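These notes are about the structure you will find just below.
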Amino acid sequence: MDMVNRPYAAAFEAHALAHPEVLCLSADLTSSCEIDGFRDRHPDRFLSLGMAEQNMLSFAGGLGLAGFRPFMHSFGVFLYRRPYDQLMASVAYPRRRVRLMGFLPGVTTPGGMTHQAIEDISVMRTIPNMTVLEAGDATEVESIVAEADTVDGPVYCRILRGAVPRLFDTPLRIGQMRVLSRGDDVLVITAGITTEEAIRARGALARAGVSVRHLHLNTLKPFDAAQIVDHAASVRHGVVTLENHLVAGGIGSMVAEALAEAGLARRLIRLGLQDTYAHGGSRPYLMRHYGMDALSLVRAVERLTGQTTGIDEDAPGRRPDRGGAFQCEGRGAVVARFAVTYRVRASSQGEALARAQGIALEQTVEIPPDLVPAGHVEDEILGRVEDLGPLAPGVWQAVVSYAPDSAGDEITQFLNVVFGNSSIQAGLRVTAIDHGPDMAARLPGPRFGIAGIRALCGRPTGGMIAPVLKPMGLAPADFARLAAGCVRGGADIVKEDHGLAGQPIAPFRVRVEAVCAAMAAARAETGRRTLYFPNLSGRADQIEDNLRFLKDAGADGVLIMPGLFGFGLVHRIATDAGLNLPVMTHPAFLGPYVLAPDNGIDHGVLFGTIQRLAGSDISVFPNVGGRFGFTAEDCRQIAEACRALGGPGRAMLPSPGGGMSVARAAEMQAMYGEDVVYLLGGSLLTDSARIDRAVAQMRHALDGPG
């Protein structure tokens, strides 16, 4: 299966040049809708109406009255939500030949609720005189322009942009649904981007003995209800609809109406957005999260047939060398690829695409494209540009997917694929990682997570407190005394400063033994369950022995600096059932990755997503208002990534440090909520002899007077 770059741009320009009455209208999203080249080459046929969609609809209606055929270009959501009255009165009611080209339908955009057209089908199909079309591949994108322009009235089109797969050989024709397979067990009905998912699922189901009849709809209004009913009557078990839209009012509702009016009793399962808004994220992540992907379709078919197929992409025991369950006809693509979103500096769409394709090569095969071996390497291992679109002038967003087998089950190789050599290039920044179900099975994430840490320290609710043992230069007995005071004051965790290593005045093993003994006595005295996280240190040949030593000495967890010791060590500890130790990670040496806005890795990705993938249970990061310059938005992004539902493995605890004090407790609670570990450092040492009082004051400030 080929990927075609910007098929709409070429198709529209060719059609417009052949029809002088066609005009190109833009609502300040010219390059985002792939008409920037047309604007530059044919300025006399291009009209920019700015961010004023209501005006654009009325203007287009007037152009239609004057005999022109205006093609309006914007994100789909801006063509009907904001200008609904003008759409009805100026375009649909007088039956003007206006073509509304709606880009980024449903979850094809990572822009979140404001940019996602998730109810456009339900709105547009109820407007009299309106025709509604949806393109499902590059061929349909190329042909939808001319086909829409044959309609004597307004047309709304759901358009795909960027790199689009070619699934079909024949052009889109209004009223002609595609019958992609003629099985007799289950009828599957799809449109747009969900068709590729269904093709993948269909092959896996066939191998499992389930016969699927698959219909692809490109004409949503007028809707051929009679043909739908005929196909539904020909299958044994029922119908599944899969759509990039709310199930209410969309294709699922259209099919339900057709079956009910025909009096055909067939069970119907509707897949799509279930009475919810979608949040921001990559397309593969959102489709999986909201049950719109191939595996969700398989599960629906299993419910209809009562048959267990054994198809399970993320089964923990699946051998990585056996390939995915889902193969897409023509290119053998594994559905469970993981995806990385990059922010790319480029002066043009062409340069941005070249950079994205360069990333896909650099992060995998690292050879020129003409030397990539055909077959498995080209089809699976080679990175794949899935999406490309503008964010701002000179700034683009690219989504590149990778085969899980390119990473294996090593966190270090996974990160190498995500941003290895490309991290050395200027103007590239990782802004999101969608790990996918296969990598989630290979990298299970935190061993304990939020719930596990709370259970260990006996703090079921509320913010947790973690005083830091410092400064460097104290003797083991001094650290032991401070730790015992922290227990008496009500600390949940006692964390060593990351600068405590094997200094002669307080050697690692002597210090750990002293603190463990002092904390055990204080816990026995108070009944508290305060946890101790010593800082793992030593030469490379000492790390394993020191790790075992701190476990045997009675430490409850371990502090790791992955910027110095590597994320592989975090993963090694998290996956060791014999050690069974929670991991706290410290940001030392990681700063250069996040500080330059055009390079590196976003704060939430580095201190949230990657830490979770490695297996950290608590991620330490600089707090807003401290001495390191992280903004409130940076810190919120980190906290959200640490705790996000659908993230890799169990949710983990964000742990802001720096600038923490009793006076800021309420402010920090409002910002971070309950699931957080507050690091307390220098503010506790004003009176180190009574550190218990300082800890107790913070505990009281967090818990309140009750």
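The values are calculated or read from the model by the stated rules, or taken from the named source; none is laboratory data. The structure presented is a predicted model; accordingly, all values stated were derived computationally and were not measured. Note that we place each Cβ from the backbone using ideal geometry, even for glycine, and neighbour counts take in every protein chain shown. Accessible surface is based on the protein model in full, side chains and every heavy atom, while ligands, DNA and RNA are left aside. Shrake-Rupley method; radii C 1.70, N 1.55, O 1.52, S 1.80 Å.
With a Förster radius of 25 Å applied to the beta-carbon distance between Ser688 and Gln503, the computed FRET efficiency rounds to 0.85. Residues whose amide H comes within less than 5 Å of that of Tyr532, counting only those at least five positions distant or on another chain, are Val494, Asp556, Gly557 (H built at 1.01 Å from N in the peptide plane). On the basis of the beta-carbon distance and an R0 of 30 Å, Gln413 and Ala206 show a calculated FRET efficiency of 0.35. Note on Glu544 and Glu261: their simple-model spin labels are 7.2 nm apart, each label 7 Å out from Cα toward Cβ. Proximity of backbone amide H atoms, modeled 1.01 Å from N, is registered between Thr364 and Gly383 at under 5 Å, excluding neighbours fewer than 5 places apart on the same chain. A simple spin-label model places the labels of Ala524 and Gln227 8.1 nm from each other, with each point 7 Å out along Cα-to-Cβ.
Expressed as a whole percentage, what fraction of the accessible surface of region 167-224 belongs to carbon and sulfur atoms when a 1.4 Å probe is rolled over the protein heavy atoms? Walk me through the intermediate numbers first.
Numbers: 840 of 1880 Å².
Whole-percent figure for carbon plus sulfur exposure: 45.
Other residues with beta-carbon under 13 Å from the beta-carbon of Val91 carry, at +1 per Lys or Arg and -1 per Asp or Glu, a net charge of +3.
Taking amide H as placed 1.01 Å from N in the peptide plane, Val395 has its amide H under 5 Å from the amide H of Ala346, each at least 5 places away in sequence or on another chain.
Arranged from highest to lowest average of other beta-carbon atoms within 10 Å per residue, in what order do the peptides 107-117, 66-76 appear?
Sorting 107-117, 66-76 by mean packing, highest first, produces 66-76, 107-117.
The angle separating the long axis of helix 508-526 from the principal Cα axis of greatest extent in the chain is about 90 degrees. Judged by the mean number of other Cβ atoms found within 10 Å, the most tightly packed of the peptides 437-449, 417-429, 596-608 leads the ranking 437-449, 596-608, 417-429. Here the accessible area is traced with a 1.4 Å probe on the protein chains. For region 596-676, carbon and sulfur cover 54 percent of it.
Couplings 3J(HN,Hα) for region 224-229, derived from phi with the Karplus relation 6.51 cos²θ - 1.76 cosθ + 1.60 (θ = phi - 60°), are 7, 5, 5, 5, 4, 5 Hz, where x marks Gly and Pro.
The largest-to-smallest principal axis extents of the Cα set in region 65-146 are 37, 29, 19 Å. Rounded to the nearest 0.05, the FRET efficiency derived from the C-beta distance between Asp85 and Ala392 at R0 = 30 Å is 0.45. Potential lengthening of the chain between Asp275 and Asp152 amounts to 40.9 nm, from the contour at 0.36 nm per residue minus the alpha-carbon distance. Listed values [x] 101, 65, 43; [y] 133, 65, 44; [z] 89, 59, 55 include one computed from this model; for Cα extents along the principal axes in Å that value carries the label [z]. The residues of region 352-461 present an accessible area of 38 Å² per residue when probed at 1.4 Å with all protein chains retained. Farthest toward the positive end of the dipole of the chain, out of Ser688, Phe628, Pro369, is the Cα of Ser688, where the dipole comes from beta carbon charges about the Cα centre. What region 89-209 shows is 28 Å² of accessible area per residue, with the surface traced by a 1.4 Å probe over protein heavy atoms.
Evaluate the charge dipole of region 355-411 about its Cα centre and quote only its size in Debye, nearest 20, assuming +1 on the Cβ of each Lys and Arg and -1 on the Cβ of each Asp and Glu. Provide the component values of the computation, followed by the final result.
Numbers: 2 positive and 11 negative charges, 71 e Å.
Magnitude of the dipole: close to 340 debye.
Between His42 and Thr575, the contour length at 0.36 nm per residue exceeds the Cα-Cα span by 185.8 nm. Counting only lysines at least 8 places from Lys470 when in the same chain, those with an alpha carbon closer than 21 Å to its own are Lys495. Taking +1 at the Cβ of each Lys and Arg and -1 at the Cβ of each Asp and Glu, which of Gly568, Leu353, Ala18 sits farthest along the dipole of the chain towards its positive end, judged by Cα position relative to the Cα centre? Final value for the positive-end residue is Gly568. A simple rule links phi to the HN-Hα coupling: the Karplus curve 6.51 cos²θ - 1.76 cosθ + 1.60 with θ = phi - 60°, which for region 552-567 gives 5, 6, x, 5, 9, x, 8, 9, 10, 9, x, x, 10, 9, x, 6 Hz, with x for Gly and Pro. Peptides 666-674, 286-294, 145-153 ranked from most to least packed, by the mean per-residue count of other Cβ atoms within 10 Å: 286-294, 145-153, 666-674.
The 3J(HN,Hα) values that the Karplus relation (6.51, -1.76, 1.60; θ = phi - 60°) gives for region 202-215 are, in residue order, 4, x, 5, 5, 4, 5, 8, x, 9, 9, 10, 9, 10, 10 Hz. Gly and Pro appear as x.
Simple point charges give the picture: +1 on the Cβ of Lys and Arg, -1 on the Cβ of Asp and Glu, and for the chain a dipole about the Cα centre of about 1420 debye.
Here the gap between Asp312 and Ile174, fully extended at 0.36 nm per residue and compared with their Cα-Cα distance, gives a gain of 46.0 nm. Surface composition of region 373-508: carbon plus sulfur atoms contribute 60% of the solvent-accessible area (1.4 Å probe, protein chains only, all chains present).
Under unit Cβ charges (Lys, Arg +1; Asp, Glu -1), what dipole magnitude, rounded to 20 debye, does region 3-123 have relative to its Cα centre?
Working: 11 positive and 11 negative charges, 58 e Å.
Roughly 280 debye, rounded to the nearest 20.
Selection among Ala163, Ala135, Val151 by position relative to the dipole of region 118-171 gives Ala163 as farthest towards the positive end (Cβ unit charges, Cα centre).
Can you give the accessible area per residue of region 467-510, in Å², using a 1.4 Å probe?
On the way: 1520 Å² over 44 residues.
On a per-residue basis, region 467-510 sits at 35 Å².
Roughly what % antiparallel, to the nearest 5, for the DSSP beta bridges in the chain? Display every interim value, and only then the final one.
On the way: 30 of 91 bridges.
Here the share of antiparallel DSSP bridges comes out near 35 percent.
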